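The values are calculated or read from the model by the stated rules, or taken from the named source; none is laboratory data. Predicted, not measured: the structure shown is a model, and the values here were computed from it. Don't worry about glycine lacking a Cβ; one is built from the backbone with ideal geometry, like all the others, and counts go over all protein chains shown.
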Amino acid sequence: MQVRQSIHSDHARQLDTAGLRREFLIENIFTADNYTMTYSHIDRIIVGGVMPVRESVTIGSEVGKQLGVSYFLERRELGVINIGGPGLIEVDGKAWEIGNQQALYVGMGAQSVVFKSVDASQPAKFYYNSAPAHMRYPDKKITLEEASSATLGDPATSNRRTINKFIVPDVLPTCQLTMGLTKLEEGSLWNTMPCHTHERRMEVYFYFDMDEETAVFHMMGQPQETRHLLVHNEQAVISPSWSIHAGVGTKRYTFIWGMVGENQVFDDMDHVKVSELR
C-alpha cells in the first residue's frame, strides 16, 4: 500500500514537476495477477486496480492490518469499474459478472472480495475507489444502460462528452462514494472546461483509452495558481478540494472520476470562469 499525505495549497505551489508527480500522480494502476493500492489522507480515499490474468486476486487480511481493522471492507465501501475484458467478482461467495464499462458497488462489511478474468487473453482490468463508510448498503451491479447519463459540451469548444454516472444517489444509495465514466467524442479534447472546484469533496481522475503517444495535460492548483501534470494511459491524479481538475488531451480519451466528501450532490460546484484563471 502506498500512502499519500494531505498537501496544503501553499505547499503545492512550491513543488517542482517531480514534487507534483510524487504527491498527486498515481503512475502504476494495473499489475498482472495482483492488485495495487494507494491510500490518500485526503478524505481517506483508497485508489487502485486489480488485474487477474491466470490467477484470481483477493484483497486479503493484510490490508485490514494496515487499516487497523480485521478485513478491508470492515468499515469501508467499494466501487469498481471494469475497463478490460469480461470478469467476475465474488463477494462473500456470490459471483457477479462484470463486463467492460460495467460497475459493481460493494457495501461495507463484505469480508471476501475475489477478482477473476473470464479469458486470460483478454484480462479484466478492475479500477476501484474505496471510501470510509458508516452503514451497509446492498451490493449492486450497474450497466451503462442503468447509469444516469448526460451528454454535455460542444464541438466548437472541444468538450463534447457523455457523462455516465454509475455510483450516484439517482442510481443506488451509498454512504459517500460516487463514481462515473466520462467518454469524449472524437475531436473533443477538454474534459471539464470551464473548470470548477468543490470545497465539499475531493476527486480522483483515472485516464485511459489512450495509445502510447497520447497524453493529457491535467490542470490542477488553485484557480489563480494553476499548474499541470502530464498524464499517460491508465494513470490517475488525486485532486484536493481546493484544486481545479481539468484536462486537455493530445487526442480523445476516456476517464473515470470518483469523489468522496461531505455530500453527494453532483452539481455542487464552485464554477470558475476561463477569464478568471491564472
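Only one residue in GLN264, GLN224 is over 23 Å from PHE30 (Cα atoms), in contact with a strand residue (DSSP E or B) (Cβ under 9 Å, 6 or more places away or on another chain) and surrounded by fewer than 22 Cβ atoms within 10 Å (Cβ to Cβ). Which one?
Working: GLN224 fails: in contact with a strand residue (DSSP E or B) (Cβ under 9 Å, 6 or more places away or on another chain).
Just a single option satisfies the conditions, and that option is GLN264.
Just to be sure I understand, how many residues within segment 193-211 are more than 21 Å from GLU262 (Cβ to Cβ) and either modelled with pLDDT of 95 or more or among the β-branched types (Val, Ile, Thr) (or both)?
So in segment 193-211, the residues more than 21 Å from GLU262 (Cβ to Cβ) come out as 193-194, 206-211.
Filter again for either modelled with pLDDT of 95 or more or among the β-branched types (Val, Ile, Thr) (or both), leaving 206-211.
Qualifying residue count, segment 193-211: 6.
I need a count of the residues in segment 36-60 that are charged (D, E, K, R) and under 16 Å from PHE72 (Cβ atoms). Spell out the reasoning first.
Our first condition is that a residue be charged (D, E, K, R); within segment 36-60, this holds for 43-44, 54-55.
Filter again for under 16 Å from PHE72 (Cβ atoms), leaving 44.
Looking only at that region, the number is 1.
Of all residues in segment 221-278 being in contact with a Pro (Cβ under 9 Å, 6 or more places away or on another chain) and within 18 Å of ILE167 (Cα to Cα), which is modelled with the highest pLDDT?
VAL260
If ARG136 satisfies all but one of (1) assigned to a strand (DSSP E or B); (2) surrounded by fewer than 20 Cβ atoms within 10 Å (Cβ to Cβ), what's the number of the condition it fails?
In the conditions (1) assigned to a strand (DSSP E or B); (2) surrounded by fewer than 20 Cβ atoms within 10 Å (Cβ to Cβ), ARG136 misses (1) alone.
Condition first: out of contact with any Lys or Arg (no Cβ under 7 Å at 6 or more places or on another chain) and either more than 17 Å from ASP139 (Cβ to Cβ) or modelled with pLDDT under 95 (or both). Can you find one or more residues in segment 72-79 that meet it? Even if it seems obvious, please write down each step before you answer.
To start, the set of residues in segment 72-79 that are out of contact with any Lys or Arg (no Cβ under 7 Å at 6 or more places or on another chain) comprises 72-79.
Still in the running and either more than 17 Å from ASP139 (Cβ to Cβ) or modelled with pLDDT under 95 (or both): none.
No, segment 72-79 has no match at all.
Yes or no, residue by residue, for (1) within 22 Å of ASN129 (Cβ to Cβ); (2) part of a strand (DSSP E or B); (3) among the β-branched types (Val, Ile, Thr):
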residue	(1), (2), (3)
MET219	yes, yes, no
ARG227	no, yes, no
SER243	yes, no, no
GLY247	yes, yes, no
ARG252	no, no, no
GLY258	yes, yes, no
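Name the residues in segment 182-194 that are surrounded by fewer than 24 Cβ atoms within 10 Å (Cβ to Cβ) and either free of Cβ contacts under 8 Å to residues at least 40 places away in the same chain or not acidic (Asp, Glu) (or both), would you?
Residues of segment 182-194 surrounded by fewer than 24 Cβ atoms within 10 Å (Cβ to Cβ): 182-190, 192-194.
Result: THR182, LYS183, LEU184, GLY187, SER188, LEU189, TRP190, THR192, MET193, PRO194.
Considering only segment 56-119, give the strands (runs of 3 or more DSSP E) lying wholly within it that have at least 1 residues that are among the hydroxyl-bearing types (Ser, Thr, Tyr), in contact (Cβ under 8 Å) with a residue 40 or more places away in the chain and crowded, with 17+ Cβ neighbours inside 10 Å.
Details: elements: 76-82, 87-91, 94-98, 103-106, 113-117.
Filter on segment 56-119 gives 103-106, 113-117.
Got a number for residues in segment 45-55 being over 26 Å from GLU203 (Cβ atoms) and either of a type in the set (Gly, Ala, Ser) or buried (at least 24 other Cβ atoms within 10 Å of the Cβ) (or both)? Even if it seems obvious, please write down each step before you answer.
So the first thing to find is which residues in segment 45-55 are over 26 Å from GLU203 (Cβ atoms), and the list is 52-55.
This time we only want the ones that are either of a type in the set (Gly, Ala, Ser) or buried (at least 24 other Cβ atoms within 10 Å of the Cβ) (or both), so: 52.
Total satisfying the criteria: 1.
Condition first: within 25 Å of ILE238 (Cα to Cα) and charged (D, E, K, R). Now tell me which residues in segment 47-100 satisfy that.
GLU62, LYS65, GLU74, ARG75, ARG76, GLU77
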